[in-house]
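Okay, so here's the structure we're looking at.
Since every read-out is calculated from the coordinates, none of them should be taken as a lab result. Here the structure is a predicted model, which means the values were calculated and not measured. Heads up, the Cβs are rebuilt from the backbone with ideal geometry, glycines too, and the neighbour counts pull from every protein chain shown.
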Amino acid sequence: MAGETDVYVSRFLDEHGLGAFQIKLIFWSTLIAFIDGYDIGAIAFAAPHLIHDWHIAPKSLGLVLTASNFGVLFGSQIFGWIGDRYGRKTALILSNILFGIFTYWAAYSTNLTELFWLRTIAGLGIGGVIPNVVAINAESAPRHLRATLAIIATGMVPIGGALAGFAAAAFVPHYGWQVLFYIGGVAPIVFAIVAMYGLPESIKFMTLHESQRPKMERLIASIRPDFKVPPNARFVIEDEKQFPSSNPRYLFHNGLQVITPLTWLIFVFNLMGYFFLISWTPTILVAAAKASQTVAALTGAGLQVGGTIGALVLCWWLQRQRFLAIAILFLIAVPVVAAIGYAGLSSTSALVIVAFLAGAVVLGIQSGINVVGAMIYPTSLRANGSGWQLGLGRFGAIIGPLAGTMLVGAFPIQHLYLFAAIPFALGAVVTFIIYVLNNARLKAHPELAQGQ
């Protein structure tokens, strides 16, 4: 039972509103999102140069292009559990150190087998970033900005992927493809070291762990110096029904028995289409559309830049409409993605514009489901629930690039992107089902809606 002296954390955040603490957190989240996106995208921009330097066929790159996703498949769940058990900050620091070391090592690869295993292990760390970035932002924001701030944070990931494209265009001709991995290895290690001292912890995570009480009191004092915490007060998250542990079996409680696996499915569909686009587009444009490597790199970068702008423009709509907005975006993605192949045979300007629009929609979807999917769970299970969504969703990220190995070269470029649009049509159907089921769940249990 809550007492008169207890501190109601959600109310405290609502009354304080958006302040310096949240802005500081967004700054740190932006840095880590840039780094994460860069490391995800670097391999796609290195791929055309690997074909040339190692004298290999494009189809042989399938496993390497998807290697990090094998790691993410398990890393999202591992670091999601670490985030719920030991803290979002701890999970983010450890994951950055892990993928930084193995990304740097990848620069010394001499064959596809070595590169595959190094990218796979790096993927374990990459998988820990999004679940904990979503949790740390959503759990430290006022109610009306919970999803918005988390979407802004994760929406920065595509800019990191675009930076890999710009780095490829600027540095690879002079220093070789290895420079992409040098940059991608050093940056997360430096971030992890600095984050030990500067990155704040999730307010609601600290609320649930008594060992974090001294840090919680110092944080409250820094946010509101005029607010005095009573000596014997408990910190209470009054608008969430917590589970007793972060055991994955609780992902299927409170009316989530069907919704949880359906969220896994929309991650599969969107990541299938997304990773086909970012993994194969540079190579397809060079091999099938006879574009220069610079145009291919800039088009890939356009996909990523469009993703960030799409997430920023759409974040308020996604905050309000949640799964309905995502279902509509899936529908819009179908014709936009299908148009890439035709634009590739038209003109460079048309290609870049369509790629930008595709990125805005597809990566807008991904930023949305990263956050909206996680928000159906309470703080005690949020990073873990998000980790399972992203981890199992990586089956789609694996299937997408591997499907490219069968399709590229076998079909004209126009048909390749028609095939790439199919997962988005399926995603629209499944997301609308989730929207209907979740609305029914929240009407039956209105107390569950308060924490979202």
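Sorting TYR86, TYR182, TYR417 by the number of Cβ atoms found within 10 Å of their own Cβ, with the fewest placed first, yields TYR86, TYR182, TYR417. Distance between the pseudo-spin-label points of VAL436 and LYS59 (7 Å out from Cα toward the beta carbon): 4.2 nm.
List every DSSP H helix in the chain whose Cα atoms extend 18 Å or more along the helix's own long axis and whose mean Kyte-Doolittle hydropathy is at least -0.5.
Working: long enough: 20-54 (50 Å, 0.96); 62-86 (35 Å, 0.70); 88-106 (27 Å, 0.92); 112-126 (20 Å, 1.18); 157-175 (26 Å, 1.27); 178-198 (31 Å, 1.81); 259-287 (41 Å, 1.60); 293-321 (41 Å, 0.74); 323-344 (32 Å, 2.49); 348-374 (38 Å, 1.89); 382-407 (37 Å, 0.44); 413-444 (48 Å, 1.29).
Both cut-offs are met by 20-54, 62-86, 88-106, 112-126, 157-175, 178-198, 259-287, 293-321, 323-344, 348-374, 382-407, 413-444.
What number comes out for the charge environment of PRO158, summing +1 per Lys or Arg and -1 per Asp or Glu over other residues with Cβ under 15 Å away? Don't jump to the answer; show the numbers that get you there.
Details: positive: none; negative: ASP36, ASP39.
Charge balance near PRO158 sits at -2.
Using a simple spin-label model with pseudo-atoms 7 Å out from Cα toward Cβ, PHE166 and ASP14 lie 4.1 nm apart.
If Lys and Arg each add +1 and Asp and Glu each add -1, what is the summed charge of the other residues whose beta carbon sits under 13 Å from the beta carbon of LEU437? With Lys, Arg at +1 and Asp, Glu at -1, the net is +3.
How much length, in nm to one decimal, is gained on full extension between ARG218 and VAL313, taken as 0.36 nm per residue of separation minus their Cα-Cα distance?
Details: separation 95, 0.36 × 95 = 34.20 nm, distance 3.48 nm.
Using 0.36 nm per residue and subtracting the Cα-Cα distance, I get 30.7 nm.
Ranking of TRP316, TRP117 by neighbouring Cβ atoms within 10 Å, starting from the fewest: TRP316, TRP117.
Lys/Arg Cβ at +1, Asp/Glu Cβ at -1, dipole of segment 7-448 taken about the Cα centre: which of TRP117, ALA167, LEU251 is farthest positive-ward? Result: LEU251, furthest along the dipole toward the positive end. Along the axis of the charge dipole computed for segment 7-448 (Cβ charges of +1 for Lys and Arg, -1 for Asp and Glu, origin at the Cα centre), the listed residues TRP54, ASN438, ASN137 are led at the positive end by ASN438. Shape analysis of segment 99-208 yields a ratio of the Cα radius of gyration to the Kirkwood radius, Rg/Rh, of 1.06. Its Cα centre serving as origin, the chain has a Cβ charge dipole (Lys and Arg +1, Asp and Glu -1) of approximately 300 debye. Checking the table LYS215/LYS443; LYS89/LYS241; LYS228/LYS443; LYS215/LYS241 against a 26 Å threshold on Cα-Cα, which pairs fail? Pairs exceeding 26 Å: LYS215/LYS443; LYS228/LYS443. In this rough spin-label picture, where each label sits 7 Å from Cα along the Cβ direction, the PHE27-VAL194 distance is 1.0 nm.
Counting only Cα atoms, the chain measures 71, 44, 36 Å along its principal axes, largest extent leading.
Rounded to the nearest 500, the helix-only mean residue ellipticity at 222 nm of the chain stands at -26000 deg cm²/dmol, with each DSSP H run of n ≥ 4 adding -39,500 (n - 2.57). A simple packing score, the average count of other Cβ atoms within 10 Å per residue, orders the peptides 102-112, 367-377, 214-224, 8-18 as 367-377, 102-112, 8-18, 214-224, with the highest score first. Between the listed residues GLY307, GLY368, VAL64, the Cα displaced farthest toward the positive end of the dipole of the chain, a dipole computed from Cβ unit charges relative to the Cα centre, is found at GLY368.
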